[in-house]
Amino acid sequence: MEGFRRVRAYLALAGVVMLVAACGSGSGNAGGGGDEQGNTLNVGAALSITGSLAKEGRLTKFGYQFCQEKVNQGGGVAVGDKKLKLAISYKDDKSQPDTAAQLVDGFNDSGQKLVLGPYGSPSTEAASAVIERNGQLMVDSSGADNAIFSKGYKNTFAVLSPTTSYLAVIVDAIAEHARPKPKTVAIISADDGFSKTAAEGGAAEARKKGLTVVAQEEVPEHTTNVSSVLTKIRPKKPDVILVSAHVEEGIAAVKQSRELGVNPKGFGETVAPPTPDFTKALSKNAEGVIGSTQWTPDSTGQDKVFGTAKDYAQQYQKRFGERAEYHSAEAAAACLALVLAVQKAGSTDPAKVRTALVGMNENTFFGPIRFDETGKNPDKPMSAIQIQNGEPVTIYPDAQAQGQVQWPGGGD
């Protein structure tokens with residue numbers, strides 16, 4: 001009987017210990033999930049570390065990493081009366097939207113409610129659905145497709161301009177500054193949602209500016225062979241060829257156009273031209289190509305973490321040994337927005353952080369960050385650069401321009 005009482009006492013004590021342990025394993029704040037552990041703010045990020053979008057994923061990771069380092073060098077994230085070290089955990093989505101969604105779900109299972117977005121619109125769209133279902137919160141750095149923000153989601157916030165601006169800003173730069181003014185344009189688009197939406201926006205802007213769209217062709221996403229559509233376009237002799245795609249397709253389009261003797265007066269592309277990989281791969285063939293960009297070192301704005309756009313560019317190059325471009329900058333801006341929201345909320349509770357994001361109106365190195373009712377940043381302008389002497393030079397808008405449009409831009 002005495003032995004029985006000892007066993008019963010032991011089991012009761014064990015139950016109390018387990019209950020205390022369970023209560024003590026929380027985040028230390030009301031409803032904070034597992035984001036705050038001890039003195040650390042844990043944030044998840046599913047990225048294209050491998051796969052077809054690895055080049056862009058690498059730059060996105062650099063931006064998140066740079067933000068983490070700068071925030072922690074400044075003392076960390078102020079949450080109430082505590083300072084938390086920012087810790088971003090990365091998982092490889094292999095450039096696959098389904099994998100990105102699964103990884104975001106896994107973050108939720110481990111208690112991570114605060115998430116930084118994956119690279120690209122398809123993966124961001126897939127992740128957004130999971131974020132909404134789980135009551136997580138995501139700041140989107142690179143998912144620009146307007147479709148993401150037409151679904152009524154409440155927990156995804158994008159710091160960047162929408163997709164429809166990507167080709168449109170190139171059209172504006174050419175229409176306003178290329179002389180003689182071109183009359184005809186052909187558009188090549190990859191068949192993913194982002195690229196098709198950007199292509200439609202570019203076509204609409206071209207017609208608005210008085211240009212005739214003589215062709216609109218699609219190629220498979222991630223292809224490195226666009227010769228067939230270039231061959232179809234060649235007899236039309238367009239003054240301008242616009243390419244709505246990512247880095248791989250963008251490099252292929254310029255390279256193969258030179259090989260096939262397709263020589264418009266100007267080339268304009270989304271995504272690829274500002275990246276170091278573009279000029280590295282194409283060398284002299286990159287000259288004169290115009291690209292759209294979410295950010296340049298000439299962007300206006302300033303914040304306490306990064307300083308000005310020029311400050312960011314100088315510090316980034318010193319840290320990573322390569323010039324800063326917009327993929328890394330938009331990633332750093334998304335991370336910054338999340339940090340500022342947590343600090344304003346004084347909590348890692350996703351509902352409280354969401355409230356802070358809804359009311360955000362910040363001036364940053366990336367430009368203005370404010371969110372409308374759909375989660376887009378309506379105040380974010382886009383810029384255009386042109387490759388001149390092997391370097392991207394800001395040519396548009398005029399207030400940021402560091403050089404004039406060179407025209408014809410690399411064609412015959």
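The values are calculated or read from the model by the stated rules, or taken from the named source; none is laboratory data. Please read all numbers here as calculations on a predicted model, not as lab measurements. Cβ sites come from the backbone with ideal geometry, for glycine too, and all protein chains shown count toward neighbours. Just so you know, the surface numbers come from the protein's heavy atoms only, side chains and all, with ligands and any DNA or RNA stripped out. Shrake-Rupley method; radii C 1.70, N 1.55, O 1.52, S 1.80 Å.
Between ASP98 and LYS318, residue separation times 0.36 nm minus the direct Cα-Cα distance comes to 75.6 nm. Taking 35 Å as R0, compute the FRET efficiency from the Cβ-Cβ separation of GLU176 and GLN73 and round it to 0.05. My answer for the efficiency is 0.25.
Highest mean packing comes first when the peptides 316-322, 291-297 are listed by Cβ atoms within 10 Å, giving 291-297, 316-322. For the chain, the mean projected area of the C-alpha convex hull, equal to one quarter of the hull surface, is 22.1 nm².
Counted by Cβ distance under 14 Å from PHE371, the other residues give a net charge of +1, where Lys and Arg count +1 and Asp and Glu count -1. Note on the chain: antiparallel DSSP beta bridges, both residues inside, total approximately 35 percent of the bridges counted. Here the gap between VAL358 and ALA129, fully extended at 0.36 nm per residue and compared with their Cα-Cα distance, gives a gain of 80.5 nm. For the range 110-155, what class follows from the C-alpha gyration tensor (a ≥ b ≥ c being the square roots of its eigenvalues): rounded when a/c is under 1.5, otherwise prolate if a/b is larger than b/c, else oblate? The shape class here is oblate. In this simple spin-label model, placing a label point 7 Å from the Cα along the Cα-to-Cβ direction at both LYS284 and SER110 gives a separation of 5.0 nm. Distance from the Cα centroid of the range 295-354 to that of the range 167-214 is 30 Å (rounded to whole angstrom). Scoring 203-216, 237-250 by mean Cβ neighbours within 10 Å over their residues and listing the highest first yields 237-250, 203-216.
Taking square-rooted eigenvalues a ≥ b ≥ c of the alpha carbon gyration tensor, is the range 221-331 rounded, prolate or oblate, where a/c under 1.5 means rounded and, failing that, a/b exceeding b/c means prolate? Verdict is prolate for the range 221-331. Surface analysis of the chain yields an accessible area of 40 Å² per residue, using protein heavy atoms and a 1.4 Å probe. Between THR212 and GLU373, the FRET efficiency from the beta-carbon distance, with R0 = 35 Å, is close to 0.40. Positive contributions from Lys and Arg (+1) and negative ones from Asp and Glu (-1), summed over other residues with Cβ under 11 Å from the Cβ of GLN65, come out at +3.
The accessible surface of the range 306-396, taken with every protein chain in place and a 1.4 Å probe, is 46 percent carbon and sulfur. Stretching ALA399 away from LEU260 to a fully extended chain increases their span by 46.3 nm, per 0.36 nm per residue minus the current alpha-carbon distance.
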